[in-house]
Each structure stands twice: as structure tokens, then as C-alpha cells.
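Everything below concerns the one structure shown next.
The values are calculated or read from the model by the stated rules, or taken from the named source; none is laboratory data. All values derive from a computational prediction rather than experimental measurement. With ideal geometry, Cβ positions are generated from the backbone for all residues, glycine too; neighbour counts draw on all protein chains shown. In case anyone asks, the SASA skips ligands and DNA or RNA and just uses the protein heavy atoms, side chains included. Shrake-Rupley method; radii C 1.70, N 1.55, O 1.52, S 1.80 Å.
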Amino acid sequence: MDGSSGGRLQGKVVLVTGAVQGIGLGIAERMGREGAQVALNVHRDDERAQAARRQVEATGARCELFAADVSQVPQTQQLVADVVARMGGLHVLVNNAGIERNAGVFEITEADYDAVLATNLKAPLFLSQAFARHVQQAGGGGRIVNISSVHEELPFPHFAPYCASKGGLKMVMRTLALELAPLGITVNDVAPGAIRTPINRDLLADHAKVDALLAQIPAGRMGEPEDVAGAVVFLAGDDARYITGTTLFVDGGLLWNYSEQ
Ligand code: BGC
């Protein structure tokens, strides 16, 4: 399926944040294959960003780059305004941008905490606000999909700010689902488990750690960005019109895994 021949998101304008690599880029490509026009948010408009744009365009979709640091609230407002102006509208917001810092309780710094919370929690809230304002003016209807994590439920030693951000995102999602339902906007989380992306670069380089992680995943493999993208397309599409305020886990069984064997 390419952007010109139909698809589940034909004619929709989709903004994906943090889309230069990993899950964000996978979602953007899949959106393109489903017929959407893709607004690709990147931190910087550099060679890597241009390569990501070409990768999405190769699906046949229209794809434009929007450089913005979403951890800065004024930039979130500008980003939504720019997308609406250049793409002619905005129907689906995918809050994907996310970072993590590996630091135990004795090592966490205030700077780590602030950076993780600003990107993973503040950005989705204020992007949703800007998106909802646009939808209100445009006459209603839209989709917000947040890329959360199994760690919106599951503690993760050495990642306290990350867990705080994802647990917080879950409650922001549930709250906005109620507030925005009258506007015809659904709000949901997709919560990936261990996906093979650059956020896991250190772990992937350590075979012993990868084996220990695989032992925790009932499906017996790490996930791929495409596994997550399929869930996002579903929540962004027509079949999910009555689904709001919920989390769809995409984790090969990781979250609820327990065994005494
Ligand atoms: C984190 C990864 C981690 C995975 C499973 C993700 O949210 O970004 O670092 O490996 O959860 O624990």
C-alpha cells in the first residue's frame, strides 16, 4: 500500500514527534504506507533528518520535516501551527518523542529528572493542548496516540524519572480522554515493551543483558518498530473510533510475565 493508492489513513495529516529514528520513524513509514500525509518532527533538520524524510517519502507519501524541541512549550505551539499551515490541517497527533537516563537513586541528578520529564511528559501534554485547540477551531474530530511504555505500570530499577514520566503519561492520557471526548478526539497510549531501537543501544551491545531480557519475554524475541506501528495505525484509524482512555500493550507478554517453573 502506498500513499497514492488508498489505505486506512488516506487523506489524514499525521504528526509524529521524535521521528528521526526508532519507533517514531517506523510509525511514520507505516503511516505513509496507509495513505497519510506525514509531518515528521525532528530535533534538528540535519542529514539524518533528511534521510528519514526520504525514507518516508519512499512509501509514496507526502512527508515534510518540522524541526522543534518539543520539551519547550512555546515550540510545541509553534510546531502545531506550522504543521497546520504547511500541510493544510492536522488529524492525528502521535506523541512519540522520548528519552531515558540510566541512573540509580544515589546518582540521579536534577538535570536528568528535568530532561526526562520535559520530553516524555510535559511535551505530550502541551502538544495535546495545541492539537485540541486546533481541532476545536477546525470543527472537531481527531486522534491522539501517546507512545508510552510497559513502564507506565512496571517499576524499572535505575530509571525512576522514566517510570515517573510514563506513569504520569498514563494519567494525562486518561484525563484528556475525558476532557476531549466531547470534541470527538480519542486519546490512548500504546505501551511497547523491549523494542530493538537506538534507545536500547547500550543494552543491545551487551549479549548477557540481551539474553536476560529475552528470558523475560514470553514471545521469545524483542519487538520491532513495525510491531508498534501496527497498533498506532489501529488506534489512529476508523476501527478505533469508540476506544478512548486506554492503553494497548505491545510487549510480547513482557508486562504480565510470571512463572514459578
Ligand atoms: C525502555 C527500554 C527497556 C524496555 C523494557 C522501554 O520502555 O525504553 O530501555 O528495555 O522498556 O524494559
Task: Dipole of segment 91-196, positive direction: furthest Cα of Cys163, Ser149, Leu178, with charges on the beta-carbon - done: Leu178
TODO: Enumerate the whole-percent occupancy of each 5 Å bin, from 0 to the last occupied one, for all C-alpha pair distances of segment 62-127.
DONE: 3, 16, 24, 20, 14, 10, 6, 4, 2, 0
Open item on the list: Along each principal axis of its Cα atoms, how long is the chain end to end? Whole angstroms, biggest number first, please.
Closed with: 52, 39, 37
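In square nanometres, what is one fourth of the surface area of the convex hull spanned by the alpha carbons of segment 140-187?
Values: hull surface 12.6 nm².
Result: 3.1 nm².
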Task: Bins of 10 Å, starting at 0 and running to the largest distance - Cα pair percent for segment 1-131 - done: 14, 42, 30, 10, 3, 0
- [ ] Starting from the eigenvalues of the Cα gyration tensor, five times each then square-rooted, give me the equivalent ellipsoid semi-axes of segment 172-261, largest first, whole Å.
- [x] 31, 14, 11
- [ ] Select from Val210, Ala229, Thr246 the residue farthest towards the positive end of the dipole of segment 203-256; place +1 on Cβ of Lys and Arg, -1 on Cβ of Asp and Glu, and compute about the Cα centre.
- [x] Thr246
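Quote the charge dipole size of segment 155-209 about the Cα centre in Debye, to the nearest 20; the model charges only the Cβ of Lys and Arg (+1) and of Asp and Glu (-1). Numbers along the way, then the final one.
On the way: 6 positive and 4 negative charges, 19 e Å.
My answer is approximately 80 debye.
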Task: Within straight-line cross-link reach of Lys12, aspartates and glutamates at Cα separation under 19 Å, skipping those fewer than 8 residues along the same chain - done: Asp2, Glu29, Glu34, Glu57, Glu64, Asp82, Asp238, Asp239
- [ ] Positive end of the charge dipole of segment 8-132 (Lys, Arg +1 and Asp, Glu -1 on Cβ, about the Cα centre): tell me which of Gly89, Gly11, Gln55 has its Cα farthest that way.
- [x] Gly11
TODO: Can you give me the three principal axis dimensions of segment 1-72 from its C-alpha atoms, in Å, biggest first?
DONE: 35, 22, 18
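Within the accessible area of segment 1-75, what % is carbon and sulfur when the probe is 1.4 Å and the other protein chains stay in place?
Values: 1360 of 3060 Å².
Of all accessible area on segment 1-75, carbon and sulfur atoms account for 44 percent.
What does the helix-only formula give at 222 nm for the chain: each DSSP H stretch with n ≥ 4 adding -39500 (n - 2.57), the total divided by the residues, and the result rounded to the nearest 500 deg cm²/dmol? Write down the numbers at each step before the final one.
On the way: 9 runs with 107 residues, N = 261.
So the helix-based figure for the chain works out to -12500 deg cm²/dmol.
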Task: Principal axis dimensions, segment 184-230 - Cα atoms, whole angstrom, descending - done: 47, 22, 14
